[in-house]
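The next block holds one structure in the form of structure tokens; read it before the comments.
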Ligand code: SF4
């Protein structure tokens, strides 16, 4: 392998990166085209199991949170936020909500995808946060669009059987609601196939993430942040499965050939919170220059797992609706402190983490609220250095690069001190 190829640093545009751009372009084009041709359009919260819609012949879905993340990544987050603020929405509301409201009430102007086609049905889910329910309620009030709310109990321990049954009942009710509103019949076989594709995609996703265990890591967290996007827009499709299979294959192949994003990796870090969408390139480049690599995030390894774990929750081929209901608590926000600590501990131990960056997110209070307690536990119980930085995942006006790096560099120093102490034989 030529040396110049081995010297690449930071987040890089691989074959998978180029395919990703095509998938996203195609997903949004198809969405607009099908909606224009009369498809039934549903707007959903990120954790609503989109495989349900594959059970219908002509139902398409859009994910406002995903569109907001893309808008932030393309640099129009603050612009759309300001539009929402101009209409009276508080700057303290989640920036995903403000970007989406700003975009929708301006007819999709300045959006990288020309906005989203107007919905026939809104489906929110209070599993992550109740703000999202209120956000979708704005459209219900303004446009009169029916709003279906999935009520998913918070999860302080493993999901209870009665909670699973309660979620199942609501999934069935949602299917019935769409049948009634769209006039289409739900086909269980189409749905089962979609769930199988998603489950297979998650298996490859985990294979991709596990390349982080190698020293140096086969990936940066920034690669995994951007590669989450089709999980939200292409769920239940063969295209998603194929893409994640190739992504995992390519990354494993790079590891085998000795090609690493941060070849002189000295610090292996864990990120806790949503991706800072407006900072991906800048942050990864600056970290790579310090020989530091954020190799995992609770935000990305919870996908395909139960209750935020690092390992895969495999589909056993049984009732697909039950499988989705069981996995409903995959994301981090609804978890209690014990669960979050346990998941983080397993991740730290399984891939070899030297330090943790807790990103206190001004927008996402539910993700951030117990980070101070987590930080205390991680440093005291696991003896892993950690720092807290201030971010906003989608509103770049609320982030200061120098403040964040001052603390990240302090974290690297703490890791050095700890290493020097252990070399010197101190406990
Ligand atoms: S507050 Fe957090 S969980 Fe709620 S919509 Fe915003 S980013 Fe998502």
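For region 117-144, a residue qualifies if it is more than 16 Å from the ligand (Cβ to nearest atom) and touching a residue at least 60 places away in the same chain (Cβ under 8 Å), and the qualifying residues are 117, 118, 119, 120, 121.
Considering 70, 24, the condition of being out of contact with any strand residue (DSSP E or B) (no Cβ under 9 Å at 6 or more places or on another chain), touching a residue at least 40 places away in the same chain (Cβ under 8 Å), closer than 22 Å to residue 110 by Cα and within 16 Å of the ligand (Cβ to nearest atom) is satisfied by 70 alone.
For residue 380, the conditions (1) within 16 Å of the ligand (Cβ to nearest atom); (2) free of Cβ contacts under 8 Å to residues at least 24 places away in the same chain are fulfilled apart from (1). Going residue by residue through region 341-356, is there one that turns out to be more than 30 Å from residue 199 (Cα to Cα), touching a helix residue (DSSP H, G or I) at 6+ places or on another chain (Cβ under 8 Å) and buried (at least 17 other Cβ atoms within 10 Å of the Cβ)? Taking every residue of region 341-356 in turn, at least one turns out to be more than 30 Å from residue 199 (Cα to Cα), touching a helix residue (DSSP H, G or I) at 6+ places or on another chain (Cβ under 8 Å) and buried (at least 17 other Cβ atoms within 10 Å of the Cβ).
Inclusion of residue 413 among residues that are at pLDDT below 95, more than 16 Å from the ligand (Cβ to nearest atom) and surrounded by fewer than 16 Cβ atoms within 10 Å (Cβ to Cβ) is not warranted. For beta carbons closer than 9 Å, sequence separation of 6+ or different chains, a first residue in region 93-105 that is closer than 11 Å to residue 116 by Cα and a second that is at pLDDT 95 or above and near the ligand (Cβ under 10 Å from one of its atoms), the qualifying pairs are 100/64; 100/65; 100/68; 100/135; 103/64; 103/68; 104/64.
Evaluate the following for residue 238: is it under 25 Å from residue 367 (Cα atoms), in contact (Cβ under 8 Å) with a residue 40 or more places away in the chain and surrounded by fewer than 23 Cβ atoms within 10 Å (Cβ to Cβ)? So residue 238 does not fit the description; no. For region 51-61, the criterion of a residue being within 16 Å of the ligand (Cβ to nearest atom) and crowded, with 24+ Cβ neighbours inside 10 Å is satisfied by no position.
The values are calculated or read from the model by the stated rules, or taken from the named source; none is laboratory data. Everything numeric in this text was worked out from a predicted model, so none of it was measured. FYI the Cβ positions are ideal-geometry reconstructions off the backbone, even for glycines, and counts take in every protein chain you see.
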